[in-house]
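Taken together, the values in this text are just the output of simple stated rules run on the coordinates, not laboratory data. Quick caveat, the model's predicted, so the values are computed rather than measured. Reconstructed Cβ throughout: ideal geometry from the backbone, glycine too, with neighbour counts over all protein chains shown.
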Amino acid sequence: MGMIYIVVASIIWGVLHSFLASYWFKHRVKQLFGAPAYYRLYRFSYNLFSVASLFPIMVMLVAFPDRLLYSIPAPWNYGMTILQGLAVFVLIAGVMQTGALEFAGLAQLSAAYTELMGTFHEDSRPAGLVVNGVYSYVRHPLYSAGLLFIWLSPEMTLNRLVLWITFTLYIIIGAYFEERKLIRDFGAEYAEYKARTPMFIPRLHKTS
């Protein structure tokens with residue numbers, strides 16, 4: 001029964017997460033609070049809600065009855081841990097490339113940034129498409145690194161397996177809709193980038 005609660009809670013989290021990131025919701029928030037307040041507060045509030053709403057799922061993961069499925073012995077578990085560390089490095093690199101403070105929504109909280117962004121209108125073009133660094137190997141390095149990290153856990157339980165499967169499906173579906181937004185924002189530039197760069201599994205060489 002605990003697994004059902006985990007799946008349902010994860011689906012609800014994913015639906016809310018996607019809804020709050022939708023153009024429709026962003027447009028309504030902008031209309032309600034005004035463009036300056038939207039650009040100043042939305043990103044930080046969105047991230048804060050996403051993390052806070054994920055907490056109950058993590059509590060379910062450890063609180064509900066569980067069963068160990070496998071535990072990788074040494075020395076193989078060391079290699080998996082090293083690869084998990086590599087995944088964390090890619091996550092950090094990807095966030096740094098897109099701007100760590102902007103990614104967290106902290107830069108937008110500053111008055112100077114608000115004044116700058118307040119001059120943008122609803123259809124303003126995003127600052128720019130990042131295609132270098134880790135993004136030259138794969139279009140969604142944060143998703144790829146996140147999936148690598150969770151699936152390379154040396155120890156797997158039944159609850160964790162159910163949650164990882166749910167999250168994996170959400171990431172794959174979410175990436176599809178995210179790319180529709182990117183096509184809308186960047187048009188032919190993103191279409192060309194998409195044509196030459198893999199989605200999740202990187203090539204062994206960078207794209208030019």
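Could you check how many residues of the stretch 29-53 are surrounded by fewer than 12 Cβ atoms within 10 Å (Cβ to Cβ) and under 22 Å from Lys181 (Cβ atoms)?
3
Over 20 Å from Gly146 (Cβ atoms), surrounded by 15 or more Cβ atoms within 10 Å (Cβ to Cβ) and not basic (Lys, Arg): is that true of Tyr78 in this structure?
no
Find the residue count for the stretch 163-208, including only residues that are over 19 Å from the mean Cα position of the chain (by Cα), within 29 Å of Asn77 (Cβ to Cβ) and hydrophobic (A, V, I, L, M, F, W, C).
Residues flagged as over 19 Å from the mean Cα position of the chain (by Cα), within 29 Å of Asn77 (Cβ to Cβ) and hydrophobic (A, V, I, L, M, F, W, C) within the stretch 163-208 amount to 1.
May I ask you to list pairs of residues, at least six apart or on different chains, whose Cβ atoms are under 6 Å apart, with the first in the stretch 41-70 being in a loop (DSSP other than H, G, I, E, B) and the second being of a type in the set (Gly, Ala, Ser)?
The qualifying pairs are Phe64/Gly2; Pro65/Gly2.
Being under 30 Å from Gly133 (Cα atoms), under 23 Å from the mean Cα position of the chain (by Cα) and of a type in the set (S, T, N, Q) is the filter here, so list the residues in the stretch 33-90 that pass it.
Those that are under 30 Å from Gly133 (Cα atoms), under 23 Å from the mean Cα position of the chain (by Cα) and of a type in the set (S, T, N, Q): Ser45, Asn47, Ser50, Thr81, Gln84.
For Gln108, state whether it is within 30 Å of Ser136 (Cα to Cα), in contact (Cβ under 8 Å) with a residue 12 or more places away in the chain and under 18 Å from the mean Cα position of the chain (by Cα).
no
Looking only at the stretch 134-150, how many residues end up being in a helix (DSSP H, G or I) and either touching a Pro at 6+ places or on another chain (Cβ under 9 Å) or in contact (Cβ under 8 Å) with a residue 60 or more places away in the chain (or both)?
Looking only at that region, the number is 7.
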